[in-house]
Amino acid sequence: MNKKTMKKYLFILLIVLFALTLGACTGRRVTATGWSGITIKEDIVYFSYGPQVYALDLNNGFQKWAYPEEAESGLDFYAAPVFADEDNQLILASYNSTIYSVDPDTGQKKWDFVIPNGDNEKSRFIASPLVTDQAIFAPSSDNNLYAIDFAGVPLWTFETGDPIWASPTWSEGCECIYLTSMDHFLYAVDPESGSLLWKSEDLGGPVVSQPAVSEDGLILVSTFANEIIALDEKSHQVEWRYHTSDWAWASPVIDGEQVYASDLSGTFYALDLNSGDPLWQIQPGGSIVSAVLVQDDLIYFGTHIEKNTSSLVVVSRDGVIQRNQPINGKLYTSPASDGDTILIAPAEAEFYLIALNQSGVQIWGFPPSDK
Amino acid sequence: MDWIWSEFIGLMITILLFIYDLIGQNFGWAIIIFTVLVRLVTYPLTARQMKSSKAMQEFQNSKEWADIQKKYKNDKETLNRKQMELYQEKGINPLGSCLPLLVQFPVIIGLYRAIILTLAVTPIQLVNLSSHISNGTDLIPINNHFWWMVLSEPERYPIFGIGIPVLAILVVITSYIQTKMISPPQTAGDPGGQGAQMTQAMTLYMPFFMGYLAWSFASGLALYFIATNLATIIQYMLTGQANFKNILPSLPTRK
């Protein structure tokens, strides 16, 4: 090869390297854009991560099926699968403007619902749908809540001002759906007609958390305006506000007369349900995105410390840290449990799903190491 | 190193968001204004590049240069050695016009990363962005629409059902004009020399390479490419360095 040709190739190599450097920034390699959702039913765990949804044996982590069987480019699942008793369906929400219904036993598709004129970049289903005995209510990042029947036929659409990243909540008290949006509002929607029943005052910041409703009709939401807010579902007025140190991302969780909330600065709060007064707070390290799991007098939640280091924190109901267990990956998903095994799903880690016993010892990880 | 890079990206995000908020939450214009600011800040480098380029051009038109080209035309090795000696003697760095260009590569990569992070259309991206805007929740969600484009995605303009990559085409055109305009005219003494070869390769490959990037990556990056190409063309025109003859050979030669 003469010098001239060599220089030409060197130049081409330089620009290819530049292209690869840019490509590395784009997430075209397999990096997570969301975090897994976990659902447990009997001895099966269903969870979504990236291009597929998996059904695994809870006892040993063996895969029963994956949907789709082979990963497809441009198809991503991060919302937790949801059961619909009607016709024995598992409802899967994807990033490509489609809701899938599959058979929970085999993973075979029953039907799909595609947002009419949906734009894959805009119409992502980020949060899980709410399934009631009436219909499926799927929130989308195209600002709309879609109501679909159990055969995938659209019923109505409810529009908010900004993307919806949180699952709606069913309220027995008002027999309606509570919906939060990044447009700063909480909406009460009639499940039959999709019409607006009432709308909260401006909550001060975007909301990406699912509302929690107490037995006494108190609706709790966390906001990016650094607040936990309680509204009365009868008067629709704000009952109390609690100021956090940073964006409150995780959904508040009601546990008796206590409310558990957290923020991205890593502070975890226990508040009095009726007054919003602080009961205790801890800062175990790292930022908190996921809602908590409460089981056997213990509170479980994940914190993301830095890069691919996280921690599973176990706290007693009076605020004493029992365990602060390092985990590889980004732990943004709420832990789940069948009452015995604790499941965690770190993003961008060797194992997408890890089963732990009550002492924190790993029972199995998925995918298996030799895969 | 990671820390420096992260701070660099963080600074870019902060400036982008500041401009975005200042101009009424339009991310397309924020990218364009940010590009102009980057060009102003890096102007000393551009000026150095132009100066180096001009010095090189004058030197390669000199009798001294022509003489050694003629004398050693059949002995490339000696010719290269003599050329390097002459560069040293005259205090000219043959890479002087390339280095400032290379410095801009991290800026382009950093800006691209900043655009993708700032547009935050997925939960993990928004968690990452949150550390840069703890007090600016009114900015969320970022409006990623600009004219017909979604800035976080590759652009296609639908015409009769076919998605035409308008921005990528504009990137190729403006890159070609820009590369041609800033290239010195080919010297009589060195028609097949290293400099001329490099210039030819740049003129040929670079616009298509930039066009490929614009076609396949987020349209926010394509917008940056077009803005920076136009800014460079205007900069060269304002300083009288633009070589219009490279684009329109029928123009009279500039004295």
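Every number here is computed from the coordinates shown, using simple stated rules; none is lab data. Predicted, not measured: the structure shown is a model, and the values here were computed from it. For neighbour counting, all protein chains shown are included, and Cβ atoms are generated from backbone atoms with ideal geometry for every residue, glycine included.
A P(r) calculated from all alpha carbon pairs of chain A, with 20 Å bins opening at zero, reads 28, 57, 13, 3, 0 percent. Of the residues A:L220, A:Y178, A:L203, the one whose Cα sits farthest towards the positive end of the charge dipole of the protein assembly as shown is A:L203 (charges of +1 on Lys and Arg Cβ, -1 on Asp and Glu Cβ, taken about the Cα centre). Using the Karplus relation 6.51 cos²θ - 1.76 cosθ + 1.60 with θ = phi - 60°, the per-residue 3J(HN,Hα) values for segment B:8-15 come to 4, 5, x, 5, 4, 4, 4, 5 Hz, with x marking Gly and Pro. Applying a threshold of 22 Å to the alpha-carbon distances of B:K51/B:K180; A:K41/A:K109; B:K70/B:K90; B:K70/B:K245; A:K110/A:K330 flags B:K70/B:K245; A:K110/A:K330 as lying beyond it. Remark: segment B:42-56, residue by residue, has Karplus-estimated 3J(HN,Hα) of 8, 4, x, 5, 5, 4, 5, 4, 5, 5, 4, 5, 5, 4, 5 Hz, where x stands for each Gly or Pro and the curve is 6.51 cos²θ - 1.76 cosθ + 1.60 at θ = phi - 60°. The C-alpha atoms of chain A define a longest principal axis, and helix A:3-24 lies at about 10 degrees to it. Rounded to the nearest 20, the Cβ-based charge dipole of segment B:2-246 about its Cα centre (Lys and Arg +1, Asp and Glu -1) stands at 840 debye. Note on A:D149 and A:N274: the model spin-label points, each 7 Å out from Cα along the C-beta direction, lie 4.6 nm apart.
Within 10 Å of the Cβ of each residue in A:160-167, the mean number of Cβ atoms contributed by other protein chains is 1. With the convex hull of its Cα atoms as the shape, segment A:130-219 has an orientation-averaged projected area of 5.3 nm². Taking the DSSP bridge list for segment A:153-299 and keeping only pairs wholly inside it, about 100 percent are antiparallel. Note on B:124-130: average number of Cβ atoms from other chains within 10 Å of each residue's Cβ is 6.
Identify, among B:G161, A:Q358, A:Y146, the residue whose Cα sits farthest towards the positive end of the charge dipole of the protein assembly as shown, taking +1 on the Cβ of Lys and Arg and -1 on the Cβ of Asp and Glu, with the dipole about the Cα centre. Most positive-ward Cα: B:G161. Only residues of segment A:317-360 count here: report those whose backbone N is under 18 Å from the spot 7 Å along Cα→Cβ of A:A71, or say none. Only A:329-330, A:345-354 fall inside the zone, counting backbone N under 18 Å. In this structure, the amide hydrogen of A:K64, modeled 1.01 Å from its nitrogen in the peptide plane, lies closer than 5 angstrom to those of A:A55, A:L56, A:D57, counting only residues at least 5 positions away or on a different chain.
Is segment B:2-246 rounded, prolate or oblate when judged by the Cα gyration tensor, a ≥ b ≥ c being the square roots of its eigenvalues, rounded requiring a/c under 1.5 and prolate requiring a/b larger than b/c? It comes out prolate by the Cα gyration axes. Projecting label points 7 angstrom from Cα along Cα→Cβ for A:W111 and B:I15 puts them 5.4 nm apart. Label separation (A:D232 vs B:I164): 6.1 nm, computed from points 7 Å beyond Cα along the C-beta direction. Ordering B:L119, B:F208, B:M181 by the projection of their Cα atoms onto the charge dipole of segment B:2-246, which places +1 on the Cβ of Lys and Arg and -1 on the Cβ of Asp and Glu, puts B:M181 at the extreme positive end.
Ordered by the number of other Cβ atoms lying within 10 Å of each residue's own Cβ, fewest first, B:I140, A:I126, B:I15, A:I344 fall into the sequence B:I15, B:I140, A:I126, A:I344.
3J(HN,Hα) along segment B:236-245, derived from phi through the Karplus expression 6.51 cos²θ - 1.76 cosθ + 1.60 where θ = phi - 60°, amounts to 5, 5, 5, 9, x, 9, 6, 9, 5, 5 Hz, with x in place of Gly and Pro.
Database remark: amide H of A:Y49 closer than 5 angstrom to the amide H of A:Y54, A:F77 (H placed geometrically; neighbours at sequence offset of 5 or more, or on other chains; Pro and chain starts carry no H). If you look at the Cα atoms of segment A:204-347, you get an Rg and a Dmax of 14.5, 46 Å. Under a model in which nothing but the beta-carbon of Lys, Arg (+1) and Asp, Glu (-1) is charged, the protein assembly as shown shows a dipole of about 6220 debye around its Cα centre.
Tell me, what are the semi-axes, in whole angstrom and largest first, of the equivalent ellipsoid of the protein assembly as shown as set by the roots of 5 times the Cα gyration tensor eigenvalues?
In descending order, the three semi-axes are 56, 25, 24 Å.
In this Cβ point-charge picture (+1 for Lys and Arg, -1 for Asp and Glu), segment A:296-371 has a dipole of about 200 debye about its Cα centre.
For peptide B:117-123, the mean count of partner chain Cβ atoms within 10 Å of a residue's Cβ comes to 5. Segment A:257-300 to segment A:81-110: how many Å between their Cα centroids? Segment A:257-300 and segment A:81-110 have Cα centres spaced 32 Å from each other.
Per-peptide packing, taken as the mean over residues of other Cβ atoms within 10 Å, places B:6-12, A:244-250 in the sequence A:244-250, B:6-12 from highest down.
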